[in-house]
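Data first, discussion second: the structure below is written as structure tokens.
Please treat every number below as a calculation from the coordinates, not as lab data. Just so it is clear, the model here is predicted, and its values are computed rather than measured. Every residue, glycine among them, receives a Cβ derived from its backbone with ideal geometry; neighbour counts consider all protein chains shown.
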Amino acid sequence: MQALLAPLSGGLRETAARRYAVQHAVLHQRLFSLYGQRPDFPQWYAVLLGAVGGLLARRPIALQAQDARREADPDWFLDQRMLGYCSYVDRFGGSLQGVAHRIPYLEELGVRYLHLLPFLRPRSGENDGGFAVASFDDVDPKLGENGDLDRLADKLRQAGISLCSDFILNHVADDHAWAQAAKAGDPAMRDYFIVYPDRTMPDRHEATLGQVFPQVAPGNFTYVEAMGGWVWTTFYPYQWDLNYANPAVFAEMAQALLRLANRGIDVFRLDSTAFLWKREGTNSMNQPEAHLLLQALRAIVAIAAPGVLLKAEAIVPTRELPAYLGNQGSDGGAAECHIAYHSSLMAAGWGALAEQDAALLKAVIARTPDLPPAASWLSYVRCHDDIGWNVLRSEAAEEGGDAAARLAKIARFYTGAEGSYAAGASFQSSDPNAAHGSNGATASLLGLQSAGNEVERDAALRRNLLLHGLALAFGALPVLYMGDELAQLNDNSYLQRPQHAMDSRWLQRPYLDDVALLQRDDAGTDAGRMFMGLRALLGARRRLPALAAGAPRTVLPSAPALLALARGDDFICLCNFSARAQTQALDGAWSDCLTGQAFSGEVVLEPYALLWLERAT
């Protein structure tokens, strides 16, 4: 502990000692499990604690005060008023300064959490939308400068909005300083990466590894002449996986995160968490050591920046998801991330619309466990990435039959096949029988782009509000994806940009439509109908404690095409995923949360209808 406390004085020293006393057992045990076999472990651990103490000493007073408030109220992000919004900086505001000018719009929506997709300095040239990071300490010069980030974080905090940043844990760009030093022959930096001199080990690993981008970046290893060998590259050849078996890598990454936290970032989306540890004979995903790393990182954050949240970007099946929130209830357990993406819920909602049957969705909800203390799922309708169908393989197999064929049929539906209304594209697959993923803007996937008349337009908007209503009512921290609130359509301009043309995810990465923005209060426009409908749901949600993240959740008996989701005893979310009216029996008297209309005995839901009911008093 002395190494941690040495840079500190006064009350902050006492605070750090108290926090370390709470976190010591987990932090030391996890790191010892990973690195304790090394003879220099005690010295390395002391140096790490000293670095953490130094960063705590440099933490701004305003952020220390926020830490204290959030420590005293660890559930601060779990109530029904919490709402997120996600966008690329340039797509939303043009620059970091431009994002600051959009704060009144975020306040109008009730946003309290803003996730800005990668804005740190990326690799020169192709950079996977900014996810190939060349520096963790510098802003992308195309978006502004470091001072712009500091000022934006401060303005957001004053508006009651927490800033979320991506923190790419698994890899760095091949022009990051560490990679450049490794290519120049620095043996210490070479050990930051996983490099094999020939194809023997890569081939052994490839026998059990999957492929993230099988069309444009097949395989998991890239030959780099300057390294004299094959570098592990799970994603793209220019993204080099970090070697977390080397304790120096963990120490560097923990400090990089804390430096960003000291600049006012409140939430970190920990990208690619499932891939952190490699093991021959496995798919090198979700390994036990990955969870040890995340638990140690959580303990460090709890010491040096406890007002900060960690969010796991683990796109994994439902059964594998709870581990990313920690195992606090078990002997020797520990907290992990505060928030985890519920990608299975997202995909199952889309699957329910394609099949006009809620079976997949009901299965996912049934498998979703109760949340541990001070934790939340993250719910969403769309994001910058594809809809990945393979997270539903287990649920798709529950009723027998061929799960892969079932999911492939859903995937084809969202390309416009199967007699579909959708205007989307398949992702990284040329096989019509595969189900790798689907891309497209929400409104386009739900039929607004292909609508030929008012009836079809109305159905498309109903489907849009249906999926958003589910995300808002499920019991999570819901995040809106920029443009969806205005029913923006596909952006096909990516096909004219050579660096993006092979990546159909750019379909759903438009610029914010300023014309649609001006129409948001005009019920005669698609943008206005969507925005006003969503705003009504958001207003109702804010006054309903039953929709807080941790409130009880029960699936009630219903017709196959219906989801009847109860939150506690006094709220029901009814979703009709079919093109036909459906009837739901009701126990007692209820009223529509939006209109006040009374219901008793039963209610008829029109095609694609969403209904929020509260028990009549």
Spatially proximal aspartates and glutamates relative to residue 183 (Cα-Cα < 13 Å; intrachain offsets below 8 disregarded) = 174, 175, 191, 225
Sum of side-chain charges, residue 308 neighbourhood, beta-carbon under 9 Å (Lys, Arg +1; Asp, Glu -1) | -1
Cα centroid separation, the stretch 200-244 to the stretch 438-517 (Å) = 33 Å
So how far, in whole Å, is the C-alpha centre of the stretch 1-36 from the one of the stretch 157-183?
-> 25 Å
Residue 155 versus residue 282, label points 7 Å from Cα toward the beta carbon: distance in nm?
-> 4.5 nm
Could you list which residues have their amide H under 5 Å from that of residue 376, counting only those 5 or more apart in sequence or on another chain, with H placed in the peptide plane?
-> 339, 340
How much length is gained on full extension from residue 181 to residue 543, taking 0.36 nm per residue of separation minus their Cα-Cα distance?
-> 124.8 nm
Check cross-link reach from residue 155 to the lysines: straight Cα distance under 26 Å, and skip same-chain residues fewer than eight apart.
-> 142, 311
Estimated 222 nm signal from helices in the chain, with DSSP H stretches of n ≥ 4 weighted -39500 (n - 2.57), rounded to 500 = -11000 deg cm²/dmol
With a 10 Å radius around each residue's Cβ, average the other Cβ atoms per peptide and rank 46-53, 12-19, highest first.
-> 46-53, 12-19
Where does helix 146-158 land angle-wise versus the long Cα axis of the chain, in degrees 0 to 90, nearest 10?
-> 50 degrees
Once a ≥ b ≥ c are taken as the square roots of the eigenvalues of the Cα gyration tensor of the stretch 552-615, is the result rounded (a/c under 1.5), prolate (a/b larger than b/c) or oblate (a/b not larger than b/c)?
-> oblate
For residue 33 and residue 513, FRET efficiency with R0 = 45 Å and r from the beta-carbon atoms, rounded to 0.05?
-> 0.35
Expected sort for 301, 479, 555 with the fewest Cβ neighbours (10 Å cutoff) up front is 555, 301, 479
Return one number: the angle in degrees, 0 to 90 and rounded to the nearest 10, between the long axis of the Cα atoms of helix 41-57 and the longest principal axis of the Cα atoms of the chain.
-> 60 degrees
Using alpha-carbon pairs under 8 Å, 6+ residues apart, how would you state the relative contact order of the chain in percent?
-> 12 percent
For a quick protection proxy, order the peptides 305-311, 158-164, 367-373, 458-464 by their average other-Cβ count within 10 Å, most packed first.
-> 305-311, 458-464, 158-164, 367-373
Hey, which lysines would be in cross-link range of residue 409, C-alpha to C-alpha under 27 Å, not counting anything within fewer than 8 residues on its own chain?
-> 362
Degrees, to the nearest 10: 10-35 long Cα axis against longest axis of the chain = 90 degrees
